[in-house]
């Protein structure tokens with residue numbers, strides 16, 4: 001059992017290093033007697049799959065040599081990466097590594113997360129911020145993040161940014177709401193495989209019109225055709241044709 005736990009950690013570290021720009025949120029490992037099933041939750045499935053599926057085949061062969069058993073890889077697409085704490089923390093870390101001001105990076109991430117529908121977000125950053133002589137910690141938050149509420153659905157992550165003046169740690173908490181029903185413990189719940197996307201492109205132009213008459217035509221379309229529909233006689237051009245009284 002301990003050997004398999006160590007092997008799972010090696011597989012996760014290898015995947016995160018191999019697909020550094022793939023937007024990987026988490027890797028779920030399921031084992032059977034003869035096969036290891038990997039479920040990769042990512043916001044960029046095209047980078048992992050590659051052109052014609054060549055990239056995922058290479059990763060499968062490399063993992064087969066590393067683990068010594070048959071490997072099956074499933075790729076699950078994350079529809080809203082702004083609600084995943086791992087992806088948000090990694091994006092902040094990459095911006096800090098590219099010498100962007102940490103306050104600007106954190107505030108932009110907070111705004112995008114709140115626009116995506118989160119109830120609250122909290123980011124704590126620690127280290128030699130802006131190359132300061134002494135390290136310090138700063139915290140930025142918006143909305144609510146109840147860490148002492150059992151039913152709160154809170155996602156947490158820890159990311160590190162390697163800068164020239166040392167490592168900077170970024171902790172991220174994202175509150176997605178409250179779970180009032182029985183919590184489903186399956187790690188793959190609510191996500192869809194990349195190759196199983198629905199169309200959803202229905203033509204809704206027929207539903208935009210108003211009411212129609214049984215015989216065709218609209219209710220207000222006959223007003224411009226004269227005065228026959230107003231209950232009176234035809235007042236078109238007969239006024240000038242009446243004979244004058246003698």
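The selection criterion, being surrounded by fewer than 13 Cβ atoms within 10 Å (Cβ to Cβ) and in contact with a strand residue (DSSP E or B) (Cβ under 8 Å, 6 or more places away or on another chain), holds for residue 137.
Within segment 43-53, the set of residues being assigned to a loop (DSSP other than H, G, I, E, B) and touching a residue at least 40 places away in the same chain (Cβ under 8 Å) comprises 43 only.
Looking only at segment 79-106, residues that are in contact (Cβ under 8 Å) with a residue 12 or more places away in the chain and surrounded by 14 or more Cβ atoms within 10 Å (Cβ to Cβ) come to 19 in all. If the condition is being outside any strand (DSSP E or B) and either crowded, with 18+ Cβ neighbours inside 10 Å or without any contact (Cβ under 8 Å) to a residue 12 or more places away in the chain (or both), then segment 12-42 contributes 13, 15, 16, 17, 19, 20, 22, 23, 32, 33.
The set of residues from segment 109-166 being in a loop (DSSP other than H, G, I, E, B) and under 27 Å from the mean Cα position of the chain (by Cα) comprises 116, 117, 118, 119, 144, 145, 146, 147, 148, 149, 150, 151.
Every number here is computed from the coordinates shown, using simple stated rules; none is lab data. All values reported here derive from a predicted model rather than from experimental measurement. Cβ coordinates were reconstructed from backbone atoms using ideal geometry, including for glycine residues, and neighbour counts include every protein chain displayed.
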